[in-house]
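Scroll down for the structure; my scribbles are underneath it.
The values are calculated or read from the model by the stated rules, or taken from the named source; none is laboratory data. In this text the structure is predicted, and so the values were computed from the model without any measurement. For neighbour counting, all protein chains shown are included, and Cβ atoms are generated from backbone atoms with ideal geometry for every residue, glycine included. Heavy atoms of the whole protein, side chains included, go into the accessibility calculation; ligands, DNA and RNA do not. Shrake-Rupley method; radii C 1.70, N 1.55, O 1.52, S 1.80 Å.
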Amino acid sequence: MRKIETNRLLLRNFHKADSDYLLEYLANPRVNCFLEERICTLEDAINTIEKRKKDDSFIAVCLKEDNSLIGELFYLKEDPDTYSVGWNFNAKYEGHGYANESVKAFFTYLFTDLGARRLYAYVEDTNYRSQRLCERLGMRQEGYFIEFISFTEHEDGTPKYENTFQYALLSKEWLKT
């Protein structure tokens, strides 16, 4: 992936030096969909970085001033030109507009460089920050799935299903703004 610069951020492939920062926010995921990504040790973080630095579908979001990792963007391509997208940020950096700034650049990259026609994101109904971000980006809510997926269990060991919104955006909608 080519490096992308915004006013305050750098979007790039992951580097080994990102391991400590990755551990900081993946040790205790705040959203259930990231529970599978949970890591507990620096060694886990280093191993995760080794995989991600070779994978252009995981993009590190870093502060431009010191190149420190504050979050990540990711996509999964579905043929021929649809992309499932998502993001995960360190809670310490919330409320500063970094997610909005980075995702705008990310969407432009997907639409213009990768030729995406349609982007969509799944957002749990309890993840209000991501819902607001999708709306600020001009994504429309296309669906609401009741008991859509399970990432965790109740105390009795049965699956805890989550209600999930689907947001989407077309290239022609994004590029006209």
Subject >> Distance in nm between pseudo-label sites at Ala27 and Arg132 (7 Å out along the Cβ direction from Cα) >> reply: 2.7 nm
Original post:
How many nm is it between the label spots at Glu101 and Thr41, if each spot is 7 Å from the Cα in line with the beta carbon?
Top reply: 3.6 nm
**OP:** Choose one of Tyr167, Ile4, Ile146: the residue whose Cα lies farthest towards the positive end of the charge dipole of the chain (beta-carbon charges +1 Lys, Arg; -1 Asp, Glu; about the Cα centre).
**Re:** Ile4
Original post:
Solvent-accessible area per residue for the chain at a 1.4 Å probe radius, Å²?
Top reply: 54 Å²
Subject >> Cα-centred dipole magnitude for region 60-114, charges only on beta-carbon of K, R (+1) and D, E (-1), debye, nearest 20 >> reply: 140 debye
Original post:
Which pairs, out of Lys51/Lys77; Lys92/Lys160; Lys104/Lys172; Lys53/Lys104; Lys53/Lys172; Lys3/Lys77, put more than 24 Å between their alpha-carbon atoms?
Top reply: Lys92/Lys160; Lys53/Lys172
**OP:** Before rounding to the nearest 500, sum -39500 (n - 2.57) across all DSSP H runs of length at least 4 in the chain and divide by the residue total; then give [θ] at 222 nm in deg cm²/dmol.
**Re:** -7000 deg cm²/dmol
Original post:
How large, in percent, is the carbon and sulfur part of the accessible surface of the chain at a probe radius of 1.4 Å?
Top reply: 47 percent
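Students sometimes get this wrong: rank Phe165, Phe111 by accessible area, probe 1.4 Å, all chains present, largest first. Don't jump to the answer; show the numbers that get you there.
Numbers: Phe165 30, Phe111 10 Å².
Descending order: Phe165, Phe111.
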**OP:** Run the numbers on region 1-145 and let me know its relative contact order in percent, using alpha-carbon pairs under 8 Å that are six or more apart.
**Re:** 21 percent
**OP:** Taking all protein chains together and a probe of 1.4 Å, list Tyr167, Tyr93 from the most accessible to the least accessible.
**Re:** Tyr93, Tyr167
Subject >> Candidate aspartates and glutamates for bridging to Lys54, where Cα separation is under 15 Å - those fewer than 8 sequence places away on the same chain excluded >> reply: Asp18, Glu72
Original post:
Taking the Cα centre of the chain as origin and charging only Cβ (+1 Lys, Arg; -1 Asp, Glu), how large is the dipole, in debye to the nearest 20?
Top reply: 900 debye
